[in-house]
1. Taking only pairs six or more apart or across chains, which ones have beta-carbon atoms under 6 Å, a first residue in the range 77-95 that is on the phi > 0 side of the Ramachandran plot, and a second residue that is modelled with pLDDT of 85 or more?
2. Of all residues in the range 1-34 being in a helix (DSSP H, G or I) and aliphatic (A, V, I, L, M), which is farthest from residue 49 (Cα to Cα)?
3. Restricting to the range 120-174, and then to whatever is aromatic (Phe, Trp, Tyr) and closer than 30 Å to residue 49 by Cβ, can you tell me which residue is surrounded by the fewest Cβ atoms within 10 Å (Cβ to Cβ)?
4. Only residues in the range 158-175 that are farther than 10 Å from residue 93 by Cβ count as the first member; pair them with residues that are of a type in the set (A, V, I, L, M) and in a loop (DSSP other than H, G, I, E, B), Cβ under 6 angstrom, at least 6 apart or cross-chain, and list the lot.
5. Mind listing just one residue for me: the one in the range 109-119 that is among the charged types (D, E, K, R) and out of contact with any Leu (no Cβ under 9 Å at 6 or more places or on another chain) and, of those, surrounded by the fewest Cβ atoms within 10 Å (Cβ to Cβ)?
6. Give the residue that is nearest to residue 259 (Cα to Cα), with candidates limited to residues of the range 89-106 that are of a type in the set (S, T, N, Q) and modelled with pLDDT under 90.
7. Within the range 194-279, which strands (runs of 3 or more DSSP E) (wholly inside it) include 1 or more residues that are surrounded by fewer than 23 Cβ atoms within 10 Å (Cβ to Cβ), more than 16 Å from the chain's Cα centre (by Cα) and of a type in the set (A, V, I, L, M)?
8. Residues of the range 69-120 being within 27 Å of residue 221 (Cβ to Cβ) and more than 17 Å from the chain's Cα centre (by Cα), which ones?
Amino acid sequence: MTITIDELSDTVGAEVRGVWAETLLTDESLPEVVLDALEEHGVLVFRDLHLDPRTQVEFCRKLGEVDTSPGHHPVPGIYRVSLDTSKNSSASYLRATFDWHIDGCTPEDDAYPQKATMLSARAVAPSGGETEFASTYRAFDDLGTAERDHLTPLRVVHTLEASQRLVTPEPTPEQLEAWRRRPAKEHPLVWTHKSGRRSLVLGASTDHIVGMEPERSRALLDDLLRRCTAPERVYRHEWAVGDTVIWDNRGVIHRAAPYPVDSPREMLRTTVLGEEPIE
């Protein structure tokens, strides 16, 4: 089997060719190839793969421990992403995925942010629903020395409320109570990874920078996010049924383009659990 990996943009993303669903569990060299390519490109696209859910989960187990929390799907390790409440009773929370974010910044416990996420398309939206990606590794690398020195000591408080307010700016008391049950988390703005690479921890869950005046804090976080996600830095994936995409959640932020509540769009997600804290 000959595998080719072709860059999709100058900053993030690559398409993998020469891989088929039936080889995911039989090619013993493939997990290392995928992990190395994720490290280099951040996002990997497999077009027309048509993975069945069990194969998706079993391949992800070769990359690390898989999250098997209940996911509105009969296969453990699969989370059904749909705005249809008959398919996902937590669909209202998914609207927060329309804003840039890193998964796992506000866990209910002390879990580390996810290592990687795999998403497969079972049904696509007639309009909207594309997924966009931007590299927070590259965003840090492109900073000047003085700005790196200024940002590295800063710490940021992340909350579920911050991300949910972007889609529900006037919540009910019941919504506020539910959001605030999720504990706030404090993370460094610059994540120094075990590999030695550094990335910015940005996205919808950022509430404020510790010790900084609120207006200045918000302006700094928004400016960094705007620069990280400038159009020339973004890979935008237009889904077709059968596509599979996997990304390095530790150094890539992502968002879904808005799509109608009654859209048939349905994605199956598998999460590879994290192995290192943000520090």
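1. Once the first residue is on the phi > 0 side of the Ramachandran plot and sits in the range 77-95, its partners that are modelled with pLDDT of 85 or more give 77/57; 77/66; 77/68; 77/270.
2. Going residue by residue through the range 1-34, those that are in a helix (DSSP H, G or I) are 21-23, 30-34.
Then drop every residue that is not aliphatic (A, V, I, L, M), which leaves 21, 30, 33-34.
On the way: 21: 6, 30: 15, 33: 17, 34: 15 Å.
The extreme case among them is 33.
3. In the first step, residues of the range 120-174 are kept if they are aromatic (Phe, Trp, Tyr); the result is 133, 137, 140.
Checking the rest, the ones that are also closer than 30 Å to residue 49 by Cβ come to 133, 137.
Numbers: 133: 26, 137: 22.
Within the range 120-174, the match that is surrounded by the fewest Cβ atoms within 10 Å (Cβ to Cβ) is 137.
4. That search, which allows pairs on different chains as well, returns 159/184; 166/204.
5. Going through the range 109-119, the residues among the charged types (D, E, K, R) turn out to be 109-110, 115.
Now narrow it down to the ones that are out of contact with any Leu (no Cβ under 9 Å at 6 or more places or on another chain): 109-110.
Details: 109: 5, 110: 8.
By that ranking, first place goes to 109.
6. Taking the range 89-106 and keeping what is of a type in the set (S, T, N, Q), we get 89-90, 92, 97, 106.
Adding the requirement that they be modelled with pLDDT under 90 leaves 89-90, 92.
Values: 89: 18, 90: 16, 92: 13 Å.
Looking at residues that are of a type in the set (S, T, N, Q) and modelled with pLDDT under 90, I get 92.
7. Details: elements: 198-200, 206-209, 234-237, 244-248, 252-256, 266-272.
Here the list reads 206-209.
8. Taking the range 69-120 first, the residues within 27 Å of residue 221 (Cβ to Cβ) are 81, 90, 92-117, 119.
The answer is 90, 92, 108, 109, 110.
The values are calculated or read from the model by the stated rules, or taken from the named source; none is laboratory data. All values derive from a computational prediction rather than experimental measurement. So basically every Cβ, Gly included, is an ideal-geometry build from the backbone, and we count neighbours across all protein chains shown.
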